[in-house]
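Please read the structure below before turning to the comments.
The values are calculated or read from the model by the stated rules, or taken from the named source; none is laboratory data. Just so it is clear, the model here is predicted, and its values are computed rather than measured. We place every Cβ from the backbone using ideal geometry, glycine too, and count neighbours over all the protein chains shown.
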Amino acid sequence: MTLHDFGSRVKEIREKVLKIKQEELAKELGIAQALMSRLELGMGGNITLVFGIVTYFDKKGFPGHLLFRENFSIEEFSLIASKLPSTQNAKKVIKKLQSSLNECIKNSIQLENIIHK
């Protein structure tokens, strides 16, 4: 894979999957927009930036290592994106888990009190 291939893949994901502007991604990565532009054009970048991009995608729920596949497919990235829970759904799931955990703790405390009486 060439730097140009990598940059093209990042751009395609940014536009079609993340649906954010170049400036937004640059800000998220803590770099200048000009450097982001150069990377997407295959004209610049370094290992630290590449690592930052892969890490950013991983944090967003996308397997960053897919960027390096010989048979890279934006459709695969899009499919993964469509299966990610929305923020609202994630909040509901977290609340349910918290409630269940609180109930388990309450039951454990009651059981502990009964055992030690």
Assuming S99 fulfils every condition listed in (1) modelled with pLDDT under 90; (2) surrounded by 15 or more Cβ atoms within 10 Å (Cβ to Cβ) apart from one, which condition is it?
(2)
Flagged in the range 18-47 as closer than 30 Å to K83 by Cβ, polar (S, T, N, Q) and free of Cβ contacts under 8 Å to residues at least 12 places away in the same chain, in numbering order, are none
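Of everything in the range 16-27 that's part of a helix (DSSP H, G or I) and at pLDDT 95 or above, which residue is nearest to the chain's Cα centre (by Cα)?
Top of the filtered list is L25.
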Candidate set from the range 21-40 (those that are loosely packed, with under 14 Cβ neighbours inside 10 Å and not acidic (D, E)); member that is nearest to F77 (Cα to Cα):
K21
I need the full set of residues from the range 43-75 which are modelled with pLDDT of 90 or more and buried (at least 16 other Cβ atoms within 10 Å of the Cβ), in order please.
L49, V50, G52, I53, V54, Y56
Residue by residue through the range 2-15, note down the ones that are part of a helix (DSSP H, G or I) and either surrounded by fewer than 15 Cβ atoms within 10 Å (Cβ to Cβ) or not small (G, A, S) (or both).
L3, H4, D5, F6, R9, V10, K11, E12, I13, R14, E15
